[in-house]
1. Look through segment A:177-195, keep the residues that are open to solvent by less than 40 Å² (accessible area, probe 1.4 Å) and over 18 Å from the mean Cα position of the chain (by Cα), and return whichever of them is nearest to ligand 2 (Cβ to nearest atom).
2. Under the condition of being at positive phi and more than 21 Å from the chain's Cα centre (by Cα), which residue from segment A:105-125 is nearest to the other protein chains (Cβ to nearest Cβ)?
3. State whether one or more residues within segment B:82-91 are touching a residue at least 24 places away in the same chain (Cβ under 8 Å) and not small (Gly, Ala, Ser).
4. Could you check B:Gly196 against (1) at pLDDT 95 or above; (2) open to solvent by less than 10 Å² (accessible area, probe 1.4 Å); (3) within 25 Å of B:Leu26 (Cβ to Cβ) and say which number it fails?
5. Search segment A:213-228 for residues that are in contact (Cβ under 8 Å) with a residue 12 or more places away in the chain and more than 15 Å from A:Ala56 (Cα to Cα) and pair each with any residue that is surrounded by 10 or more Cβ atoms within 10 Å (Cβ to Cβ) and among the aromatic types (Phe, Trp, Tyr) when their beta-carbon atoms are under 7 Å apart and the residues are at least 6 apart or on different chains.
6. Open to solvent by 10 Å² or more (accessible area, probe 1.4 Å) and modelled with pLDDT of 90 or more: does that describe A:Arg39?
7. Within segment B:172-192, can one find any residue that is open to solvent by less than 30 Å² (accessible area, probe 1.4 Å), over 19 Å from B:Ser107 (Cβ atoms), within 13 Å of chain A (Cβ to nearest Cβ) and in a helix (DSSP H, G or I)?
8. Examine segment B:35-52 for a residue that is basic (Lys, Arg) and not in a loop (DSSP other than H, G, I, E, B), and state whether such a residue exists.
Amino acid sequence: MSAANRKPKAMDRRRFLQDSARGIAGCAVAGMGLAYLARDARALPAQAIRPPGALAENDFLASCIRCGLCVRDCPYDTLKLAELGVDGPATGTPFFTARDIPCEMCDDIPCVAACPTGALDKGLDNIDDAKMGVAVLIDQENCLNALGLRCDVCYRVCPVIDEAITLELSHNDRSGHHAIFMPTVHADKCTGCGKCEKSCVLPGEAAIKVLPMRIARTEAADHYKLGWEDRNPLVDELIDLPDRLPGPGTDNLVAPGGYTPDALPDPSMEGGFSPSFQLPGTGGTGQ
Amino acid sequence: MNDKAKIPVGQEAIEKFGWLRAHRFLLLRRASQIFFLFLFLMGPWLGIWWVKGNLSGSLTLGVLPLTDPFIALQSMLAGHWPELTALIGALIVGVAYALIGGRVYCSWVCPINPVTDGAHWLHEKLGLQKGWQPKSGTRYWVLAMVFVVSTLTGTIAWELVNPISMLNRGLIFGMGFAWAWVLAVFLFDLFVSRRGWCGHLCPVGTFYGLLGTKSLLRISAARRADCDDCMDCFAVCPEMQVITPALRGTSEDTPLILAPDCTNCGRCIDVCAMDVFEFTHRFDDTPAPGREGRTRSQPASRASRAA
Ligand code: SF4
Ligand code: SF4
Ligand code: SF4
Ligand code: SF4
Ligand code: SF4
């Protein structure tokens, strides 16, 4: 009936291959577009906070089916599903904006209990262990406490008061005889609930903001030794501090610029002293 | 084809059985689509929280979890093993559609179906060209593409663009600009490709189609001997290629429409003035003689595609 049916088999096969190639190519192009969107979706805006227990963003996009059950079970209407083109997070995924409605840190964590997929990790059984983000006193020039006043609101509202946030006393150089009670967040205890950000009394944006861990926290500088925390020598037996005896070129204040022979610690040493450790290749004279 | 093919589609059935009967499955389908949407809207609109969630995942009466198996599968490919609740939900949905026909989802539940049906209605009204018609295998390539992208990017890829969840979730949780996505599907079906989205591309429909390959509930052209070639069933069927083997088969061929593409929408039953079609089950082997003088070597499908 149709023309194609009368053509020889070879033509059919050729046509089939062409059609397949076209189909595959079309899908490959569409697939690349989709993959681009998938990459793009990872760019979670800094002020969109995921619910308690949410897996890391990459895993979250693999696990959250966008059902909104967490949204429904949040008694404070904290959570909402991202709307296309309006909210920043990947379309349909749950988040909250701390300045609008913060997380009230429910003891029974109903949002996590409601999640059917494990996108909100069931392993979170104590809300104090939540890590939604971490609060940062981001505008120290406008924070009232930082200016030397007593606002204290962010501190007072914190559900983990005196652990997640403390007021650190310091001298007020401006007035000369007052104190500054600096709101200071301790990241290991802060859950990122956003109560402080919500209650900051400044108009518009808050001076203290919850930021995602990935933005607010760095890695500890493990290659530096904090001598006040760890008093053991860095490398046993190799460098033996303090070893600076008075000598030429040291900043020895007893004998600036050099040494005096009568100040020698050991009279048996002639014409100077030799350090207990010598840098290789300096012939023992280097200082 | 005969002269009857020139009468408007379904006209004869309406005259013979009345408007209501000639639209009963269409009306039932619309009712069902509204019902499944309303279940989700009862919470936010009326404060009756029998059903929470949306089509991607839900909890009914606090006990029955349901999960879209297509989404669950993408999630697994993306490297996440869902919690038991979601897995049970996906299993329930999967088994249900495997029994009643995967694409029952398309014609009885999916909120995009009224959109593309509307586009098709307008398409016919305006007498537009059918436009780009992707090959029949294209939808499987699209499905494979979704699985590949999910695996490679580690995301539930189709949910980034899926117009079904956009519309469903949009109506229940807040729309944003998701309406633009739905409008795009409508315009695509109207101007670019007749029945293009649901009939050729949508990977969700394809997935459910595969799921229901062996489903129990099937349409049968039981009284095919009475067919008078009015072509109305071909005109209304969203997947007209599925009708031919059953309707034009010889007495030895099964009258059952076994192709997984059939959406079990029942429109063919509605419009047939000769009452050829009926719902039945896959093991129904009531003899259904084919029409004399007609064999499968003379398929009517190609001619009717122009209809
Ligand atoms: S812990 Fe409570 S307030 Fe916070 S998001 Fe979950 S349900 Fe809502
Ligand atoms: S309940 Fe879980 S899967 Fe559903 S939207 Fe919330 S985080 Fe995502
Ligand atoms: S976000 Fe603010 S209120 Fe919440 S725990 Fe951290 S410091 Fe306290
Ligand atoms: S093909 Fe896709 S969009 Fe169309 S009705 Fe089926 S699931 Fe819905
Ligand atoms: S064969 Fe009938 S039931 Fe199946 S899709 Fe076509 S019109 Fe609907």
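The values are calculated or read from the model by the stated rules, or taken from the named source; none is laboratory data. Just so you know, these numbers come straight off a predicted model, no measurement behind them. For neighbour counting, all protein chains shown are included, and Cβ atoms are generated from backbone atoms with ideal geometry for every residue, glycine included. Accessible surface areas use protein heavy atoms only, side chains included; no ligands, DNA or RNA. Shrake-Rupley method; radii C 1.70, N 1.55, O 1.52, S 1.80 Å.
1. A:Pro183
2. Initially, segment A:105-125 is screened for residues at positive phi, giving A:105, A:109, A:118.
If we keep only those that are more than 21 Å from the chain's Cα centre (by Cα) as well, we get A:109, A:118.
Values: A:Ile109: 15, A:Gly118: 4 Å.
Ranking the candidates gives A:Gly118 first.
3. no
4. (1) is the only condition that B:Gly196 fails.
5. Within 7 Å, no pair qualifies.
6. No.
7. yes
8. Initially, segment B:35-52 is screened for residues basic (Lys, Arg), giving B:52.
So of that shortlist, the ones also not in a loop (DSSP other than H, G, I, E, B) come out as B:52.
Scanning segment B:35-52, I find at least one residue that is basic (Lys, Arg) and not in a loop (DSSP other than H, G, I, E, B), so the answer is yes.
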